[in-house]
Amino acid sequence: MTSPKTAGSATTTTPAAALPSGRGQRTYRLAVPPVSGILRPRLVAVTALLAVGTFLVFCWSLTTGDYPIAFTDVVRALVGSGDPGTVLVVQELRLPRALVGLLAGIAFGMSGGLFQTMTRNPLASPDMIGLTQGAGTFVVVGIVLGWDGGLGTQALGLLGALTTALVVYTLAWRRGTTGYRIILVGIGVAWICTSATDYLVARGGRFQAQAALGWLVGNLNGRTWSQVGPLALALAVLVPTALLLGRLLRTLQLGDDVATGLGTRVQPVRLGILLTGVGLIAFATAAAGPVAFVALAAPQIALRLARTAWPPTLASGLTGALMVLGSDLIARTLISGTELPVGIVTGVLGAPILLWLLVRANRAGSGG
């Protein structure tokens, strides 16, 4: 094994081949700063391909509309060059919608990956443990009953998701929490929120019900820069936090006792992961509505592409972005003259994945 050497400010790395760590992965060690870890070439390649695919679909979505624009013209318009009319259409009319889809997809995918890794259960996602349902209930209360206190849809969705997370965590607490209890309590809270939302929609007037249903299904129609700003600022803080929690997150997969023995403070780490995941899903839901199944399916797709033992956080986020952008593109072009809500397409695509996960869990003896 080659030991690292430093000379002044120079930094050397231990040759990857000198530190074999198993098939399909390499270890690395830096002298300055003193950092070591495992490099997984397949995961890096998958993440890079997902990033390229997401960028291509993102640009492709900007070409679609009543005024078709060539792909190369879209790329030029993104940097402010080309025909002024094209720049106006791309940057002012179409870019906010695409950015909300991109950022919300990243948030949904990363949040689902955090929850699934923390609970060690592929069925644990914000869709399943009540967070998106809680956000929806608060928004519908504001729309139907007018109890919004001057808050907009985004603020109500954020408040609803955070309140639901607090309720779930409190009810699941019994000298600590476990992933199993969080899932069971979350499912119960999800059904309570769903029932309350259905009652409010049935009670509301015709136009109130239409407005509520249009948001509840998950929709990117009519998105503006006012939705992009808060979501971008939130992700600028929450995405690095989620990535930094990755190493501590993986120790939880070994069980609470083993994680404690390795020096991980289980409950504070679990609370930090919970707050980060809730923040991601809350801001994404506030901006785009509760887009169905993305947080559930994206981490599982990324896991199988990268062939890792847990859902990779960054790859899960890029997969979520690709799902939302691709589904929105399908929703806008599937039926001529009609723009379907993106949540309808993700629901159709995600439902088979949920059934497949349930069948797998049942065969493994963990499905109940």
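The values are calculated or read from the model by the stated rules, or taken from the named source; none is laboratory data. Keep in mind that this is a model prediction, so the values were computed, not measured. With ideal geometry, Cβ positions are generated from the backbone for all residues, glycine too; neighbour counts draw on all protein chains shown. Just so you know, the surface numbers come from the protein's heavy atoms only, side chains and all, with ligands and any DNA or RNA stripped out. Shrake-Rupley method; radii C 1.70, N 1.55, O 1.52, S 1.80 Å.
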| task | Specify the residue that is nearest to ILE183 (Cα to Cα); the eligible residues are those in the range 96-147 that are assigned to a helix (DSSP H, G or I) and aromatic (Phe, Trp, Tyr). | result | PHE115
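Residues being of a type in the set (A, V, I, L, M), over 22 Å from the mean Cα position of the chain (by Cα) and surrounded by 15 or more Cβ atoms within 10 Å (Cβ to Cβ): count how many of those fall in the range 66-110. Give the derivation first.
Residues of the range 66-110 of a type in the set (A, V, I, L, M): 69-70, 74-75, 77-79, 87-90, 93, 95, 98-100, 102-104, 106-107, 110.
Adding the requirement that they be over 22 Å from the mean Cα position of the chain (by Cα) leaves 69-70, 74-75, 77-79, 87-90, 93.
Subsequent filtering for residues that are surrounded by 15 or more Cβ atoms within 10 Å (Cβ to Cβ) retains 69, 74-75, 77-78, 87, 89-90.
Counting residues in the range 66-110 that are of a type in the set (A, V, I, L, M), over 22 Å from the mean Cα position of the chain (by Cα) and surrounded by 15 or more Cβ atoms within 10 Å (Cβ to Cβ) gives 8.
From VAL185, VAL141, which residue is buried (at least 18 other Cβ atoms within 10 Å of the Cβ), β-branched (Val, Ile, Thr) and under 20 Å from LEU296 (Cβ atoms)?
Numbers: VAL141 fails: under 20 Å from LEU296 (Cβ atoms).
Within the list VAL185, VAL141, the selection yields VAL185.
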| Per-region count, the range 188-212, residues out of contact with any helix residue (DSSP H, G or I) (no Cβ under 7 Å at 6 or more places or on another chain), open to solvent by less than 40 Å² (accessible area, probe 1.4 Å) and modelled with pLDDT of 85 or more | 1
| request: Sort out which residues of the range 312-338 are farther than 29 Å from ARG40 by Cβ, modelled with pLDDT of 80 or more and in contact with a helix residue (DSSP H, G or I) (Cβ under 9 Å, 6 or more places away or on another chain), and write them in order of number. | output: ASP328, LEU329, ILE330, ALA331, ARG332, LEU334
| task | Determine whether VAL46 is free of Cβ contacts under 8 Å to residues at least 40 places away in the same chain and not in a loop (DSSP other than H, G, I, E, B). | result | no
| said: Would you confirm whether or not the range 325-339 contains a residue that is open to solvent by 80 Å² or more (accessible area, probe 1.4 Å) and within 22 Å of LEU123 (Cβ to Cβ)? | reply: no
| task | Sort out which residues of the range 253-310 are among the acidic types (Asp, Glu) and either open to solvent by 60 Å² or more (accessible area, probe 1.4 Å) or part of a loop (DSSP other than H, G, I, E, B) (or both), and write them in order of number. | result | ASP257
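I'm checking my understanding of the structure. Among residues of the range 229-251 that are among the small types (Gly, Ala, Ser) and touching a residue at least 24 places away in the same chain (Cβ under 8 Å), which one is nearest to GLY317 (Cα to Cα)? Before you say what the answer is, go through the steps one by one.
Start the filter on the range 229-251 by keeping residues that are among the small types (Gly, Ala, Ser), which leaves 229, 232, 234, 236, 242, 246.
Now narrow it down to the ones that are touching a residue at least 24 places away in the same chain (Cβ under 8 Å): 232, 234, 242, 246.
On the way: ALA232: 14, ALA234: 15, ALA242: 11, GLY246: 13 Å.
Checked the range 229-251; the qualifying residue nearest to GLY317 (Cα to Cα) is ALA242.
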